[in-house]
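None of the figures in this text is laboratory data; all of them are computed from the coordinates on show. All figures in this text were calculated on a predicted structure; none of them were measured in a lab. Positions of Cβ are generated from backbone atoms using ideal geometry, with glycine treated the same way; all protein chains shown enter the neighbour counts.
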Amino acid sequence: MTTLAVSRTRATTAAGIGAVLFALSTGAGAEGFNIGAYQCGEECHQPEFEIWEASPHQASFYKFDAPSDELQEKMDAILAAVGDEYMSDSETCTTCHFTLVQEEEGEIPWVDSGPSCESCHGAGSEHQPVHSEKERDYDERMAEAESLGMIRPHMKFAIAENCNGCHAMARDEVDGDTISSLLDAGHPINPDFELVQYSQGSVKHRFYPPDTSVNADMTEPELANLYVQGQAAALVAATASLDKSGHADYQAAMQQRIDTARAALAGVPGADAFLADPTASNAQSLIDALDGQDLTGAVGDRLPSPDSYIQTE
């Protein structure tokens with residue numbers, strides 16, 4: 001991963017926010033840089049773009065740029081704890097809270113938005129041109145885009161890994177001492193993060209054939225499958241991060257995630273090997289083995305109800 005500095009003049013001109021340091025996973029596969037949600041949405045994925053513009057992810061961009069007095073006080077305390085003055089100057093904060101974009105390789109990136117398309121689906125500089133070649137066979141170009149780092153919607157575990165990285169405070173770029181400082185200064189940690197509740201609420205964007213005008217709901221079997229993949233990703237992330245920080249709150253949150261995921265997956269057929277060794281590769285092997293199975297019985301009443309879906313930040 002590369003950490004890039006952005007000049008304050010460029011960033012301010014581009015997005016109304018100061019200088020930025022960048023450390024954002026590009027997802028699976030190839031190296032690349034972010035091209036921004038506006039490149040994805042304004043020309044092609046317009047319904048998805050409109051959902052994102054109104055989502056908590058993008059709302060946070062404006063909230064942090066013009067905070068209330070109460071929020072500013074909290075931000076100042078957290079920033080002081082990690083030795084920074086502005087969120088947009090902080091490598092720690094920009095790891096999760098912003099998207100930085102470039103127009104070409106080697107260019108200094110600038111703040112473009114809050115978390116956006118590429119935060120989940122991988123930096124687009126390599127895969128977007130291939131993905132957009134509509135004159136080519138669809139399956140052929142999608143396979144090539146995946147090989148170039150695109151995380152497509154069907155790759156739910158990879159998306160869940162990205163979600164857990166930030167929502168579960170498990171990003172590799174943020175070390176244990178920094179985590180302890182953040183928590184001591186009042187930074188929130190969310191031990192209850194669960195993929196179905198978050199992804200099917202106000203951030204849901206499922207505009208698929210045959211009717212691409214409808215933001216479609218998942219069926220119950222689809223939700224059960226997503227729940228299992230989310231819990232698998234949570235267990236991998238929390239197990240790997242458990243010893244990262246000795247902070248009591250962090251340890252408790254990670255252990256809660258581990259306990260919740262283990263309980264959720266205990267009834268899933270074939271999960272024993274993964275539970276014995278919860279690595280990403282073992283999780284993917286389990287997910288591949290479960291492909292096509294109806295897991296609603298295995299998940300049972302653990303599956304979140306629609307009235308619990310997260311609609312706000």
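Rounded, prolate or oblate: which fits segment 155-313, taking a ≥ b ≥ c as square roots of the Cα gyration tensor eigenvalues, rounded meaning a/c under 1.5, else prolate when a/b beats b/c? Taking the square roots of the gyration eigenvalues as a ≥ b ≥ c, segment 155-313 is oblate.
As a proxy for reagent exposure, ranking S199, S281 by other Cβ atoms within 10 Å from fewest up yields S281, S199. Within the listed set S90, S241, S132, the Gaussian network model of the chain (springs between alpha-carbon atoms below 10 Å) gives the highest mean-square fluctuation for S132. The charge dipole of segment 70-207, taken about its Cα centre with unit charges on the Cβ of Lys, Arg, Asp and Glu (plus for the first two, minus for the last two), comes to roughly 800 debye. Classify the chain: rounded, prolate or oblate, from the alpha-carbon gyration tensor (a ≥ b ≥ c, eigenvalue square roots; a/c under 1.5 rounded; otherwise prolate if a/b is larger than b/c)? In terms of gyration-tensor shape, oblate. In plain terms, the residue of C117, C93, C44 with the fewest other Cβ atoms within 10 Å comes first and the most crowded comes last, giving C44, C93, C117. When the chain is treated as a Gaussian network with alpha carbon springs shorter than 10 Å, the biggest mean-square fluctuation among Q231, Q46, Q200 belongs to Q46. Taking a straight line from the alpha carbon of K74, these lysines sit under 21 Å away, with near neighbours fewer than eight places off in the same chain left out: K63. Residue-wise HN-Hα couplings along segment 214-225, as the Karplus relation 6.51 cos²θ - 1.76 cosθ + 1.60 with θ = phi - 60° gives them from phi, are 9, 7, 6, 7, 6, 6, 4, x, 5, 5, 5, 5 Hz; Gly and Pro carry x. Bridgeable lysines around K156 (alpha carbons under 18 Å apart, same-chain partners fewer than 8 residues away excluded): K204.
Counting beta carbons within 10 Å around each of E222, E194 and listing the fewest first gives the order E222, E194.
Normalising the average separation of contacting C-alpha pairs (under 8 angstrom, six or more residues apart) by the number of residues puts the relative contact order of the chain at 18 percent.
Once backbone amide H atoms are built at 1.01 Å from N, S113 has T99 as its partners under 5 Å, excluding neighbours fewer than 5 places away on the same chain. Whole-Hz Karplus values for segment 122-132 come out as x, 4, x, 4, 8, 8, 4, x, 5, 4, 8 Hz, taken residue by residue from phi with 6.51 cos²θ - 1.76 cosθ + 1.60 and θ = phi - 60°; glycine and proline positions read x.
Ellipticity at 222 nm from helices only: DSSP H runs of n ≥ 4 in the chain, each -39500 (n - 2.57), divided by the residue count, give -14500 deg cm²/dmol. Return the single residue from D301, D175, D89 with maximal mean-square fluctuation; model: Gaussian network over the chain, springs between Cα atoms under 10 Å. For the chain, modelled as a Gaussian network with Cα springs under 10 Å, the answer is D301.
3J(HN,Hα) couplings calculated from phi for segment 69-78 with the Karplus curve 6.51 cos²θ - 1.76 cosθ + 1.60 (θ = phi - 60°) are, in sequence order, 4, 5, 5, 4, 4, 5, 4, 4, 5, 5 Hz; Gly and Pro show x.
Positive end of the dipole of the chain (Cβ unit charges, origin at the Cα centre): among S125, A264, T92, the Cα lying farthest that way belongs to A264.
Segment 41-98 and segment 185-213 have Cα centres separated by 17 Å.
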